[in-house]
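First comes the structure, then the notes that go with it.
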Amino acid sequence: MTDKKKIVVLTHGGAGSDPAYADGTAIAGQMGMMGLQTGETTIDAACAAVATLEDDSRFNAGIGSHRRSDGSVQMDASCMDSSGRFGAVAALEGFRNPIKVASIVSQSEYRVLAGKGAAEFATNQDCKKLSLDEIKNTGKDFSTTDTVGCVIRNGDKFAAALSTGGINEAIPGRVGDVPLIGSGLFAGPQGAVAATGDGEAIAMKITAFRTYQLIEQGMDPKVIVPEVISWFKKPTSFGLIVVSKIGFAGGANDPMAWTASELEL
Ligand code: ASP
């Protein structure tokens, strides 16, 4: 008899998102779960979950992205898996699912593409466009940092994916933690981490990689999550989701919509 494979999918709607929107994170988690059950790779399933959240206008990503100070919309997204695959886009304008562009970047010779070059790359890859008029956040505007993310355990494989419209009213060109490896997200052979909140603070603490080091030390995610949240003092908004071989956990120092589902195959 072969061992059963454990599958865990966690999704978040960002630190500061209304917990009432957990229906949206649950549906996104189901998309990730379905992907895995139909043979998608772990990173593709994480990206599918995040694309579902990008299409939910209540969250600050994709179609629900917040505006910059000049009224423009610039989005960041990234994905990573435990085999070392990583790709990201920064300050991308005019595309519906930045996470899909990040995923294509992760399969290219590049790791991060930004701005005009990222948009040209996405156009060449036939990625779906999104006009400025179509972008509107329909959430209750609980917070400016209600962005989206997913982490997955698929047996002994792990992946993480993130997408954001960035901090509301930030100046054009501002890039947060999301496309910086080891800041907003990290995945390795022992687990995966996806953070959310104040991108500058998250980046300066190399948060996702340092969280991953706690996983490597054998710490339970249920202990890791409050520990890492304690690195951030209010009013700095911060949240994270974590999965490892030991278990999973999520939390934030603000309200946060997030969900988890588990399955054994
Ligand atoms: N971390 C994102 C950023 O600073 C925002 C968020 O997670 O809500 O761009």
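Mind counting the residues in segment 129-166 that are of a type outside the set (A, V, I, L, M, F, W, C) and within 12 Å of Ile63 (Cα to Cα)?
So the answer is 12.
Here are Gly165, Gly115, Gly176, Gly218: which of them is out of contact with any Gly (no Cβ under 6 Å at 6 or more places or on another chain), within 13 Å of the ligand (Cβ to nearest atom) and touching a residue at least 12 places away in the same chain (Cβ under 8 Å)?
Gly165
Given the conditions (1) surrounded by fewer than 20 Cβ atoms within 10 Å (Cβ to Cβ); (2) modelled with pLDDT of 95 or more, report the number of the one that Arg153 does not fulfil.
(1)
Testing Val148 on (1) within 16 Å of the ligand (Cβ to nearest atom); (2) among the aliphatic types (A, V, I, L, M); (3) farther than 21 Å from Ala49 by Cβ, one condition comes back false. Which one is that?
The failed condition is (3).
Would you call Thr236 crowded, with 24+ Cβ neighbours inside 10 Å, of a type outside the set (Lys, Arg) and within 16 Å of the ligand (Cβ to nearest atom)?
Taking the combined requirement at face value, the residue does not satisfy it.
Only one residue in Gly35, Gly71 is within 22 Å of Asp198 (Cα to Cα) and of a type outside the set (A, V, I, L, M). Which one?
Gly71
I want to confirm something. Restricting to segment 8-44 and keeping residues that are within 16 Å of the ligand (Cβ to nearest atom) and of a type in the set (S, T, N, Q), which single residue is modelled with the lowest pLDDT?
Checked segment 8-44; the qualifying residue modelled with the lowest pLDDT is Ser17.
Looking at Met80 and the list (1) in a strand (DSSP E or B); (2) in contact with a helix residue (DSSP H, G or I) (Cβ under 7 Å, 6 or more places away or on another chain), which single condition is not satisfied?
Unmet condition: (2).
The values are calculated or read from the model by the stated rules, or taken from the named source; none is laboratory data. Model, not experiment: these values are computed from the prediction. Note: ideal-geometry Cβ built from the backbone for every residue, glycine included; neighbour counts use all protein chains shown.
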